[in-house]
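Each remark here refers to the structure printed beneath this line.
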Amino acid sequence: MKKIVLIVAVLINVAVFAQVGPKIEFKDKENTIDYGKVNKEDDNGVRTFEFTNTGDEPLIITNVQSTCGCTVPSKPTEPIAPGQTGKIDVKYNMNPGPIRKTITVETNAVNAEQGRVVLKIKGEVVVKPVENLLEKKIKSPMMQ
């Protein structure tokens, strides 16, 4: 009886790990890109999520959707062949304040629950401080 249970367990394990079809693997750790602290004036807000199709069939990205209109993602239009890489560009509108946004990627990948993968962006957008030239003159060592 123990042998039968062991054989069934092994067969289930093999079936789960031997999935055939397209698989998506993202390059970024935990599918997150950290903008860090960025200046609105110095950054265009575009970041790229790179991924690879590690499966054995073409990977199709059917939809890429953000949680709000301040983040605009773009997706590949063609299927990604096995072993090939693709990218999803995300443009954040750079409103000052914290960045905490989620992007949902819908695919035909067999290694993602219902073919969906969640991507995240985080960081903080700051406004460059404006230099007051009058204050600069007053504080100048020559004026003392």
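No lab work stands behind these numbers, since they all come straight from the coordinates. The model shown is predicted, which means the values in this text are computed figures rather than measured ones.
General remarks:
- In sequence order, the stretch 90-99 has phi-based couplings of 10, 10, 8, 6, 6, 5, x, x, x, 10 Hz under the Karplus curve 6.51 cos²θ - 1.76 cosθ + 1.60, θ = phi - 60°, and Gly or Pro positions carry x.
- Cα gyration tensor category, rounded, prolate or oblate, for the stretch 21-129 with a/c compared to 1.5: prolate
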